[in-house]
Each structure stands twice: as C-alpha cells, then as structure tokens.
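The values are calculated or read from the model by the stated rules, or taken from the named source; none is laboratory data. Since this is a predicted model, take the numbers as computed values, not measurements. Backbone-built Cβ (ideal geometry, glycine too); neighbour counts: all protein chains shown. These accessible areas exclude ligands, DNA and RNA; they are computed on the full protein's heavy atoms, side chains included. Shrake-Rupley method; radii C 1.70, N 1.55, O 1.52, S 1.80 Å.
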Amino acid sequence: IEAIDSISIKVSNFAKEHGGIAILTDRHISVSKAAIPSTLAVSAVNQRLIQDGVRLKISLLPESGQIASSHHCACALGFGASAVYPLAVRLRAEELFPKEGEALEAFMRYKKAAEKALLKTMGKIGLCTVESYSGGEFFEPNFLDTSDPTLKKILPNITSPVGGVRFDSIAQSVKDWHQRATQIKSEDQI
C-alpha cells in the first residue's frame, strides 16, 4: 500500500503544481520491482485527486503491460483513466511482426477491436462517450472483499455482495506472479 500511496501523492502534487497528463507506467518493472495492479493504481490515484480537489486538473493515462483486453481497457477507464496505452500489446505486435509497418498495422487492428468492444460495454449501461464512462465506476466485483480497509480506500464506491479476496491476498498474488515471471526464460515456459 505504501507504493500506491506514494504514487497517488506524487500525481496529486503534480496536478496541483502543473496539471496536464500523468502517465502511470509499469514499463520499468524489473527483477526487484513488481508492477502494481493497474486497476488499483488508477483507482487509488483517481480517489486521491478527488480527495485533494484537483481531479479536473489532470488526465490519467496508464501505460501498462497489464492492459491486454477490452475488459482491461474498460476497467482502467471506468476507474478514472482518460485513455490507455496497452504496452504489452504494442511490444508483442513488434515482436511478431518485425517488418516495417506490420507492427503498427497489427496494433491498429487491436485498437479497432478494443474500441468496438468498449463501445458495446458502454452501450450496455447507456453511455456513448468515454468522457461519460471515465471514472464512473460501473462495476460490481464478485470476488473482492470491499469491506477490507485498504480496498475500501482504493475502491470506495464499489461494494461486493458476496465478499472475496482481501488486499493482502492481492499483494501476495502480485509477489508470487512476479517471482514466477522472473524465472521465465523462453516463450514456451509461459
């Protein structure tokens, strides 16, 4: 939670001093640095900006290897992102299509499909613009214990009728997945 709080404070201070766009990135993960779950990071920063009265001074843009599907895009946007950059999708396109222009073409096909799926998701709740959807928190998690004090702070407007995992379980899962990822040496080990 200290890392999430630290990022939230830094972005809030940036909004107070400058405003503009804040890029929340997990590009620099390493053997010693695991990525913070992007949905939790976006929501925590968004809540801090609201609390500090500077939400409208800044746009949040998560640049994340964790954003791979239209669902991930919808979650990031729904918890406060203004736009998303699916880093792993772009890097994978460059890996699979090394010829000039092919990677961009592949990425643009992904973008088109993700936007179409997002429009369908937004349409189900009666919205037609990302501006209306962004930060709306139109979710009902059926696997989180939103009464957990840390999750309640990060996701204050979300309630789960059945409970579920607590923040410490999520943190342990991140640690376990990160440790496993550091042991991967080739694609066939995934």
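Summary of values
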{"item": "Computed over the stretch 63-176, Cα set: Rg, Dmax in Å", "result": "16.5, 50"}
{"item": "Placed amide H near V165: partners under 5 Å, 5+ positions off or other chain", "result": "L144, D145"}
{"item": "The stretch 64-190, accessible area per residue, ligands and nucleic acids excluded (1.4 Å, Å²)", "result": "63"}
{"item": "Estimated inter-spin distance, Q179 and S32, nm [label 7 Å along Cα→Cβ]", "result": "1.9"}
{"item": "Listed candidates (1) 33; (2) 25; (3) 41 - label of the one calculated as percent of Cα pairs over 27 Å apart", "result": "(1)"}
{"item": "Straight-distance crosslink candidates among lysines, where the alpha carbon sits under 16 Å from K120 and sequence neighbours closer than 8 are dropped", "result": "K111, K112"}
{"item": "Accessible-area composition of the stretch 1-158, carbon plus sulfur, in percent [1.4 Å probe]", "result": "58"}
{"item": "Karplus-derived 3J(HN,Hα), 6.51/-1.76/1.60, for each residue of the stretch 6-19, Hz, glycine and proline x", "result": "4, 5, 4, 5, 4, 5, 4, 5, 4, 4, 5, 7, 10, x"}
{"item": "Under 13 Å, Cβ to Cβ, from S8 - net charge with Lys/Arg +1 and Asp/Glu -1", "result": "+2"}
{"item": "Environment charge of Q51, counting only residues whose C-beta is closer than 14 Å and scoring Lys/Arg +1, Asp/Glu -1", "result": "+4"}
{"item": "For the stretch 22-31, 3J(HN,Hα) per residue [Karplus equation, 6.51 cos²θ - 1.76 cosθ + 1.60, θ = phi - 60°, Hz, x = Gly/Pro]", "result": "10, 9, 9, 10, 10, 4, 9, 5, 8, 4"}
{"item": "Whole-number percent relative contact order across the chain, with pairs defined as alpha carbons under 8 Å at least 6 apart", "result": "19"}
{"item": "Accessible-area ranking of S69, S43, largest first, probe 1.4 Å", "result": "S69, S43"}
{"item": "Nearby lysines by direct alpha-carbon distance to K16 (threshold 27 angstrom, same-chain neighbours under 8 apart not counted)", "result": "K57, K152, K153"}
{"item": "Mean-position separation - Cα centroids, the stretch 162-182 and the stretch 93-125, in angstrom", "result": "29"}
